[in-house]
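Values in this text are rule-based calculations from the coordinates and carry no lab data. Owing to the predicted nature of the structure, the values given are computational and were not obtained by experimental measurement. When we count neighbours, we look across all protein chains shown, and the Cβ atoms used for this are built from the backbone with ideal geometry, even at glycine.
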Amino acid sequence: MIPLSWYIALSIMLFCVGACGFLTRRNVIIMLLSLELMLNGVNLNLVALSYYLDSVRGQLFTFFIITVAAAEAAIGLGIAVTLYRSRRSVHVDTINQLKG
Amino acid sequence: MFTQIFFIYCALMIIASSILAISFRNPIHCVLMVLVLFFHMAGLYLTLNAEFLAAVQIIVYAGAILVLYLFVLFLVSLRDEIRLIPFIANAWIGRAVSAGLAGVLLFAVLPSFTIGEKGRWTVEAVREVTHTKAIGQELYTTYLLPFEIAGLILLVALLGGLVLARRERGESDDEEVSADTTHPGSTPIQEEVS
């Protein structure tokens, strides 16, 4: 029997690795991929709690999170392709037209 | 005992592949590392008696979302992307922030965590009806409105993807784009090849 805290510790570490990737990488696509890592950490947390609480609520939340992640990936990658088309680069530092 | 060994294997592989995924230079390698991570995540879902979510994880995440990422990575040119300008100060600040977040969550929040009251879907109750049926019963009764909203979100994503990916005919206000309009119908990939 695996304790619940192992799962939560793993999901915390996965979330923080995703946050680190989001903060340090400069590529828009890798930043979106880091968002997926963070969402996966949250998913693992929800599924573990759903198992240890004898409820399927957490699994349903995970289901909705997967739906929203798919929509977010489609929209985010569409924006990345559009930006690349107009700017010829996907580095986020080059998108500073709105900077005052 | 076997379950614990399997959990430790999956946890080590998840941590290692996630760290590799955010540290590789080549974005294709990053996406492939995330693919490894998703398979091990599905294995962890199996240890938590969530078979349906393990299948959804592999089909939707590994099969649809990552393939979308790979398509976009092949659409934008790789030659520009590999050359990254290192921002040492910013990168270390980001690493420090995420390490501090991990430390706070692991050593302050996690020990003070208490589990709440139990629900009605015990392992035996789920095993009596099957797992997918239990999820479906909850999804289509208690969570009917979020289910409809999820469908609406998918519709918005579909329309947004269509609008964003459509190539405007008259977009020539930029000098870089106006180079494209001399060859109508040519995409950036074909230019990269030639």
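Observations, loosely collected:
- The mean number of partner chain beta-carbon atoms within 10 angstrom of a residue's beta-carbon across peptide B:8-17 is 3.
- Protection-proxy order for peptides B:4-11, A:18-25, each taking the mean of Cβ atoms within 10 Å per residue, highest first: A:18-25, B:4-11
- Exercise: per-residue mean of other protein chain Cβ atoms within 10 Å, B:22-31: 4
- Angle between chain A longest axis and helix A:57-87 axis [Cα atoms, degrees, rounded to 10]: 10 degrees
- Relative compactness, region A:27-90, computed as alpha-carbon Rg over 2.2 N^0.38 Å: 1.43
- Each residue in B:Val72, B:Val60, A:Val68, A:Val56 was given a count of other beta-carbon atoms within 10 angstrom of its own, and listing them fewest first yields A:Val68, B:Val60, B:Val72, A:Val56.
- Inter-chain Cβ neighbour count for B:124-133, averaged per residue, equals 1 (cutoff 10 Å, partner chain atoms only).
- Size of region B:1-78 as Cα extents on the principal axes (Å, biggest first): 48, 25, 10
- The length gained by stretching the chain between B:Ile59 and B:Tyr9 to full extension, at 0.36 nm per residue less their Cα-Cα distance, is 15.8 nm.
- Segment B:Leu145..B:Leu68, full-extension length gain: 24.9 nm, with 0.36 nm per residue of separation and the alpha-carbon distance subtracted.
- Helix-only arithmetic for chain A: the sum of -39500 (n - 2.57) across DSSP H runs with n ≥ 4, divided by the residue total, places the mean residue ellipticity at 222 nm at -27500 deg cm²/dmol.
- Rounded FRET efficiency, nearest 0.05, which uses the C-beta distance separating B:Met1 from B:Val129 and R0 of 35 Å: 0.70
- Packing-based order for B:131-144, B:13-26, A:35-48, using average beta carbon neighbours within 10 Å, highest first: A:35-48, B:13-26, B:131-144
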